[in-house]
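Peer 1: First, the structure itself, so that you have it in front of you.
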Amino acid sequence: MSQWVEACAVDDVEEEDLIRFDHDGRTFAIYRSPDDAFYATDGLCTHEHVHLADGLVMDHIIECPKHNGRFDYRTGEAKGAPVCVNLRTYPVKVEDGRVLIDLS
Amino acid sequence: MGRMVIVGAGECGVRAAFTLREEGYEGTVTLVGEEPHLPYERPPLSKNAPPAVKLIAEETRYRDLSIDLLRGTRGQRIDRENRRLVLADGRTLDYDRLLIATGARARRFPGMEKACTLRSVGDADAILSAIDAGTKLVIIGGGFIGLELAATARGLGAEVTVLEAADRLMARAVPAEIAAMFEDRHRQEGIRLRLGAKVETLEEHIVELADGSRIEADIVVAGVGAEPITGLAADAGLAVDNGIVVDGCLRTADPSIFAAGDCCSFPYRGAPVRLESWRCAQDQGAHAARAMLGCGDSFGRVPWFWSDQYDLGLQVAGLARADQPFLKREAGDGAFVLFQLDGQGRVLSASGAGPGNAVARDISIAEKLIERGIAVAPEVLCDPGTRLKQLLKG
């Protein structure tokens, strides 16, 4: 069963950037890529549970603000030390200018 | 097939071992660590109470990668002629390439023998388990370790005094304006800070200063820097000058022996530098591994370090020079970044501070500006309206 939740408006996220989205006691990160697609991952780095929303997005990589762990936010793949555990990703769709993520 | 030996199982040595495998090396990899524990991360030791032991990797990872992890022993002597490392427990390891990643030990000045120091998980356990509400803790040294411990101990309700010999905090690595921000915060939190304080004598429970004042202590911790562990290299006739001297590839004068991390002195932009930095240790470990496999590239990563005290964070990219002017960029919420440029307007360093990770993005961008040698106009840098990221797209 999918469980779509509205995360933000399209315009809330700048291109090649991300925002934090908290829902039901959990925290997520919503990304807008340079080619204007949207993605969603867990909001905390898998290394030391720091909010990724303070980090830097370059192309398709989110860099953790604390220790520069890097992930490909499209797949969640950890891109080397100090992170070795992938980020969980979530399906995303855009409807009427709203960004929705599937938490199922 | 070959034999790679890494002596020192801290952040640097472990990253080197992993990188050898990531690069496809199929010979034996032996990692020698002095401590009995599995290799762990040191940065949290001064920042958390009770100390959180965070392993660099689970034991299975070493097994899966066929890395022989020898714990509880250390390198005693290098027999360069036979390319053999003799361990303290008498075992010997023949090597084709040897990496010395022995790190640094906490420094103690003469007269400080009775002070504790904080470097290992054992140190952190001993210190933090002795701290309770009302414990009188005296910390000698207002650098990162001392101040992080001060904040942690304050959180446990200790009465904390920090004695710093210089006229300001964190004088070695951080601009004065950032040091002042942290100084204000420590005072607000109730830390007794004494700047320009010279320790005259140190007994177990009394610290006497040069001005005659006496401070009672339940526990005294010295955080006055670290010194590189270089004995193995020096005894083997390798050059040591504030660290084991290596070239841009992190190789010593012996082409089979490399050194990396806190124990080495390497060329950074033409000048020898030794860093005590978690990130540099990782990056150099990985670089040294590739050099051991024959890669001739020079290590070129920009120095980067951070500190957390209370809910304040600071980060520095590049090497800030306290004697040169800074350009200030406001980053909101009281956070700011101080940049330094060279004569051609290229960014040399960026030091930022503020609540939480407020400056992380700017520092991360600055690091890339430094690495790429991008010139920036001062007014652009100082205008909070400029998107720094745009500067990378030049």
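The values are calculated or read from the model by the stated rules, or taken from the named source; none is laboratory data. Please read these numbers as outputs of a predicted model, since none were measured by experiment. We place every Cβ from the backbone using ideal geometry, glycine too, and count neighbours over all the protein chains shown. Only protein heavy atoms, including side chains, enter the accessible area calculation; ligands, DNA and RNA are left aside. Shrake-Rupley method; radii C 1.70, N 1.55, O 1.52, S 1.80 Å.
Peer 1: Looking at (1) buried (at least 20 other Cβ atoms within 10 Å of the Cβ); (2) of a type outside the set (Gly, Ala, Ser); (3) within 14 Å of chain B (Cβ to nearest Cβ); (4) within 26 Å of B:Glu22 (Cα to Cα), which is the only condition A:Val85 fails?
Peer 2: So A:Val85 meets the others, but not (1).
Peer 1: OK, next. Based on this model, can you work out whether B:Leu338 counts as part of a strand (DSSP E or B) and at negative phi?
Peer 2: yes
Peer 1: What is the one condition in (1) modelled with pLDDT under 95; (2) open to solvent by 10 Å² or more (accessible area, probe 1.4 Å); (3) not basic (Lys, Arg) that B:Pro355 does not satisfy?
Peer 2: The failed condition is (1).
Peer 1: Go through the range A:69-80 and give me each residue that's surrounded by fewer than 18 Cβ atoms within 10 Å (Cβ to Cβ) and either over 26 Å from B:Asp283 (Cα atoms) or within 11 Å of another protein chain (Cβ to nearest Cβ) (or both).
Peer 2: A:Gly80
Peer 1: Could I ask something else about it? Determine which single condition B:Gln340 fails, assuming it passes every other condition in (1) free of Cβ contacts under 8 Å to residues at least 40 places away in the same chain; (2) more than 14 Å from chain A (Cβ to nearest Cβ); (3) farther than 15 Å from B:Glu367 by Cβ.
Peer 2: Single failed check for B:Gln340: (3).
Peer 1: Just to confirm my filter: which strands (runs of 3 or more DSSP E) fall fully inside the range B:178-223 and include at least 3 residues that are farther than 18 Å from B:Ser46 by Cβ?
Peer 2: B:192-195, B:199-202, B:206-209, B:214-216
This table checks each residue for (1) in the same structural domain as B:Glu11 (by TED's automatic domain parsing); (2) out of contact with any Pro (no Cβ under 6 Å at 6 or more places or on another chain).
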residue	(1), (2)
B:Thr30	yes, yes
B:Leu65	yes, yes
B:Arg71	yes, no
B:Ala126	no, yes
B:Gly134	no, yes
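Peer 1: Those residues that are of a type outside the set (A, V, I, L, M) and either in a helix (DSSP H, G or I) or touching a strand residue (DSSP E or B) at 6+ places or on another chain (Cβ under 8 Å) (or both), I need them from the range B:144-176; list them, please.
Peer 2: Passing the criteria: B:Phe144, B:Gly146, B:Glu148, B:Thr152, B:Arg154, B:Gly155, B:Glu159, B:Thr161, B:Glu164, B:Asp167, B:Arg168, B:Pro175.
Peer 1: Right, something else. Filter the range A:51-68 down to the residues that are under 22 Å from B:Arg15 (Cα atoms) and in contact with a helix residue (DSSP H, G or I) (Cβ under 9 Å, 6 or more places away or on another chain), then identify the one that is nearest to the other protein chains (Cβ to nearest Cβ).
Peer 2: A:Pro65
Peer 1: Look at B:Ala49 and say whether it is more than 14 Å from chain A (Cβ to nearest Cβ), touching a strand residue (DSSP E or B) at 6+ places or on another chain (Cβ under 8 Å) and not β-branched (Val, Ile, Thr).
Peer 2: No; evaluated as a whole, the condition is false for this residue.
Peer 1: If you check A:Arg20 against the conditions, is it open to solvent by 70 Å² or more (accessible area, probe 1.4 Å) and either modelled with pLDDT under 95 or more than 14 Å from every other protein chain (Cβ to nearest Cβ) (or both)?
Peer 2: When the stated conditions are applied, A:Arg20 does not pass them.
Peer 1: Would you please name the residue that is farthest from the other protein chains (Cβ to nearest Cβ), looking only at residues in the range B:351-387 that are in contact with a Lys or Arg (Cβ under 9 Å, 6 or more places away or on another chain) and part of a strand (DSSP E or B)?
Peer 2: B:Ala375
Peer 1: Let me confirm something: among B:Leu70, B:Leu38, B:Leu98, B:Leu31, which residue is open to solvent by 10 Å² or more (accessible area, probe 1.4 Å) and assigned to a strand (DSSP E or B)?
Peer 2: Exactly one residue qualifies, and that residue is B:Leu70.
Peer 1: Sort out which residues of the range A:49-68 are open to solvent by 60 Å² or more (accessible area, probe 1.4 Å) and in contact (Cβ under 8 Å) with a residue 12 or more places away in the chain, and write them in order of number.
Peer 2: Correct list: A:Asp59 only.
Peer 1: While we're looking at this one, here's another question. Determine which single condition A:Arg98 fails, assuming it passes every other condition in (1) farther than 30 Å from B:Cys280 by Cβ; (2) among the basic types (Lys, Arg); (3) within 14 Å of another protein chain (Cβ to nearest Cβ).
Peer 2: Every listed condition holds for A:Arg98 apart from (3).
Peer 1: Sort out which residues of the range B:140-165 are over 14 Å from B:Gly225 (Cα atoms), of a type in the set (Gly, Ala, Ser) and open to solvent by less than 10 Å² (accessible area, probe 1.4 Å), and write them in order of number.
Peer 2: B:Ala150, B:Ala153, B:Ala158
Peer 1: Quick one: A:Thr46 ticks every box in (1) open to solvent by 20 Å² or more (accessible area, probe 1.4 Å); (2) among the hydroxyl-bearing types (Ser, Thr, Tyr); (3) at pLDDT 95 or above bar one, so which box is it?
Peer 2: If we test A:Thr46 against (1) open to solvent by 20 Å² or more (accessible area, probe 1.4 Å); (2) among the hydroxyl-bearing types (Ser, Thr, Tyr); (3) at pLDDT 95 or above, just (3) comes out false.
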